[in-house]
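Participant: Take this structure first; my questions come after.
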Amino acid sequence: MSIRPVLDPFALVPELDSRHLINGELVAPISGKCFDVFNPATGKVIGKAAEGNARDVDLAVMAAKIAQKDWAERPARERGKLVAECGRVLTAHVEELGRLIALESGKALRTESRVEASVLADMFVFFGGLASELKGETVPFNPNMMTLTTREPVGVVGAIIPWNVPLLLMAIKVAPALVAGNSVVVKSAEDTPFTVLRVCQIMQQVLPKGVLNILSGFGPGCGGPLVEHKDVKKVSFTGSVETGRIVYRAAAEKLIPVTLELGGKSPMIVMADADLDKAINGAVGGMRFTRQGQSCTASSRILVHESLHDAFVTRLKDRVNALKMGDPLDEETDIGTIINRKQRDKICGYIDIGEQQGATKHELSALPANDSLKDRLFVRPVIFTDVKPDHRIAREEIFGPVACIFKFKTFEEALELANDSDFGLAATIWTTDLKTALQATKRLDAGFVQVNQNLVVQPNLSYGGVKLSGLGKEASLESMLEHYTHKKTIILNME
Ligand code: NAI
Ligand code: MG
């Protein structure tokens, strides 16, 4: 029986209410406990999510462990075809998933949520096509011994995802893990449990039972036991540095590999010879103003040559002022809401700190006029000028619509400022000079460097940072081979 898209997200939530998905079935949590999930745009409860605990984790991991044996026995291309088929089936649900994620995350449907839903489907199609690349090597070891390597699945993978781009971040973990012959247990983020649960429900039409399971719940109560479970052989995590460290320590106890995609404070360098129109577009897109800046790759430190600085600030302010804040489900809306009160308070706290430390605040756009929305979790985008490198807003990840603008004189000074960060996820440079561009790509300390553009995660491009931004790569063939398989060495004596 095929699942039909449900375009009204308010009608869809009750179908997913208070359930995990384990071994192909929507099931209630063993404890019977559930927690409220809110529409951040109105503050109203939209439904309840199952509050997973160690017993639910155990059930899901057991199902995944049993299913993984048969799954790994299938020819690689057969697994790949099924994963690609998931992508095709999900394509028919893009509108539905876009609306549901807009409802639970507060991200605007037109500018963000619908886009995320379509990239999700594309990731499954992309990874599905890579199954034949799970190749080993022959090794010239000894002429009398045939020596070769194979790529083996690791077993049950635990995937812990955040709320900012849950569909995409789930896809870049689940798709390569499945294609490589693993089974997966996902722990969704507490604010956004429904859309990822829906995705897994849709995928059950194609995948064998137990290969993909999903739990909702809180970090310590559900994420913790998943990382610690003895049968989870690999963990892939995206979220905060603080939680990343907890996950890494727990994984170290078991000596299992982890992939960690943590925060960022990514620089954008605008040289004196930059195309200003392109750079302004790049700053609006790169800073993810339409996602309220809730992005690990946000270009939150914008370094502008002193000759362009004032013109840049004026034009950027005009552009951000023109963005419309409002109901995330309204097609007119460019900018939706912050995910929850805690994040809103964190962002507002940083805005206060920025002013207290002496930076100049420019508050842009306007809160929604609609009375039912205006007291909610909307935060007006802020640009700070006169920022000093040691200001807290210049060093710490704010994860909100707050950009710091710095002035520089020389290329060396710009590079030094750009690399003066604990993070190293992404960086961009805007210039029309080839030599400057090439030197910058070599010298910028980041996992993802772009010249005159600011793309987000793309299928086939390795994505992941250095320094506190994390460990390991995602979204590429390399990520599948290195992070979801282990290499086995085999020697056959021919004598
Ligand atoms: P978080 O890192 O605490 O949460 C991310 C995921 O980890 C969620 O699914 C959560 O339930 C889980 N988790 C939390 N504690 C855990 C534990 N002890 N064991 C296992 N899993 C656990 O992030 P949070 O609290 O939502 O946001 C705090 C800050 O983290 C943000 O302000 C932002 O700076 C950063 N962040 C970075 C993201 C990125 O894309 N790199 C995404 C989300 C947040
Ligand atoms: Mg947390």
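The values are calculated or read from the model by the stated rules, or taken from the named source; none is laboratory data. Quick caveat: nothing in here was measured; it's all calculated off a predicted structure. Cβ atoms come from the backbone with ideal geometry, glycine included; neighbour counts cover every protein chain shown. When the accessible area is computed, the model is the full protein with side chains, heavy atoms only, and any ligands, DNA or RNA have been set aside. Shrake-Rupley method; radii C 1.70, N 1.55, O 1.52, S 1.80 Å.
Participant: Within the range 165-173, is even one residue open to solvent by less than 10 Å² (accessible area, probe 1.4 Å) and more than 15 Å from ligand 1 (Cβ to nearest atom)?
Facilitator: Taking every residue of the range 165-173 in turn, none turns out to be open to solvent by less than 10 Å² (accessible area, probe 1.4 Å) and more than 15 Å from ligand 1 (Cβ to nearest atom).
Participant: Among the residues of the range 437-472, which ones are assigned to a loop (DSSP other than H, G, I, E, B), crowded, with 16+ Cβ neighbours inside 10 Å and more than 20 Å from the chain's Cα centre (by Cα)?
Facilitator: LEU444, ASP445
Participant: Does PHE194 qualify as being within 15 Å of ligand 2 (Cβ to nearest atom) and at negative phi?
Facilitator: no
Participant: Output the residues belonging to the range 45-65 that are within 16 Å of LEU12 (Cβ to Cβ) and open to solvent by 40 Å² or more (accessible area, probe 1.4 Å).
Facilitator: Passing the criteria: VAL45, LYS48.
Participant: Does any residue of the range 291-305 turn out to be touching a helix residue (DSSP H, G or I) at 6+ places or on another chain (Cβ under 9 Å), within 16 Å of ligand 2 (Cβ to nearest atom) and closer than 17 Å to PRO166 by Cβ?
Facilitator: yes
Participant: What do you reckon, is ALA414 assigned to a helix (DSSP H, G or I), at negative phi, surrounded by 18 or more Cβ atoms within 10 Å (Cβ to Cβ) and in contact (Cβ under 8 Å) with a residue 60 or more places away in the chain?
Facilitator: Yes; evaluated as a whole, the condition is true for this residue.
Participant: Confirm whether LEU178 is assigned by TED's automatic domain parsing to the domain that holds ALA49, surrounded by fewer than 24 Cβ atoms within 10 Å (Cβ to Cβ) and within 23 Å of MET123 (Cβ to Cβ).
Facilitator: When the stated conditions are applied, LEU178 does not pass them.
Yes or no, residue by residue, for (1) in a loop (DSSP other than H, G, I, E, B); (2) in contact with a Leu (Cβ under 8 Å, 6 or more places away or on another chain); (3) touching a residue at least 24 places away in the same chain (Cβ under 8 Å):
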site: ASP318; (1), (2), (3): no, no, no
site: ILE339; (1), (2), (3): yes, yes, yes
site: ASP352; (1), (2), (3): no, no, no
site: ARG376; (1), (2), (3): yes, no, yes
site: LYS388; (1), (2), (3): yes, no, yes
site: ALA418; (1), (2), (3): no, yes, yes
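Participant: State whether the residues of the range 397-404 include one that is within 16 Å of ligand 1 (Cβ to nearest atom), of a type in the set (D, E, K, R) and buried (at least 17 other Cβ atoms within 10 Å of the Cβ).
Facilitator: Yes: one or more hits.
Participant: Let me ask something else about it. May I ask you to say which residue of SER105, SER118, SER183 is under 30 Å from PHE378 (Cβ atoms), crowded, with 24+ Cβ neighbours inside 10 Å, in the same structural domain as LYS254 (by TED's automatic domain parsing) and among the polar types (S, T, N, Q)?
Facilitator: The match here is SER105.
Participant: Pick from the range 259-290 the residues that are closer than 21 Å to THR441 by Cβ and among the acidic types (Asp, Glu): which of them is farthest from ligand 1 (Cβ to nearest atom)?
Facilitator: The selected residue is ASP273.
Participant: Let me ask another. Whether any residue in the range 13-21 is among the hydroxyl-bearing types (Ser, Thr, Tyr), touching a Gly at 6+ places or on another chain (Cβ under 9 Å), farther than 24 Å from ASN164 by Cα and assigned by TED's automatic domain parsing to the domain that holds LYS135 is what I want to check.
Facilitator: no
Participant: Now for a separate question. Regarding THR432, is this residue polar (S, T, N, Q) and either open to solvent by less than 70 Å² (accessible area, probe 1.4 Å) or in a strand (DSSP E or B) (or both)?
Facilitator: no
Participant: Select from the range 265-315 the residues that are buried (at least 24 other Cβ atoms within 10 Å of the Cβ), assigned to a helix (DSSP H, G or I) and among the aliphatic types (A, V, I, L, M) and list them in ascending order.
Facilitator: Hits for the range 265-315 are ALA279, ALA283.
Participant: Restricting to the range 10-38, and then to whatever is assigned to a helix (DSSP H, G or I) and more than 17 Å from ALA189 (Cβ to Cβ), can you tell me which residue is most open to solvent (accessible area, probe 1.4 Å)?
Facilitator: Applying the filter and picking the extreme gives PHE10.
Participant: Moving on. Quickly run through the range 61-92 and pick out the residues that are assigned to a helix (DSSP H, G or I) and under 30 Å from LEU7 (Cβ atoms).
Facilitator: Those that are assigned to a helix (DSSP H, G or I) and under 30 Å from LEU7 (Cβ atoms): LYS81, LEU82, VAL83, ALA84, GLU85, CYS86, GLY87, ARG88, VAL89, LEU90, THR91.
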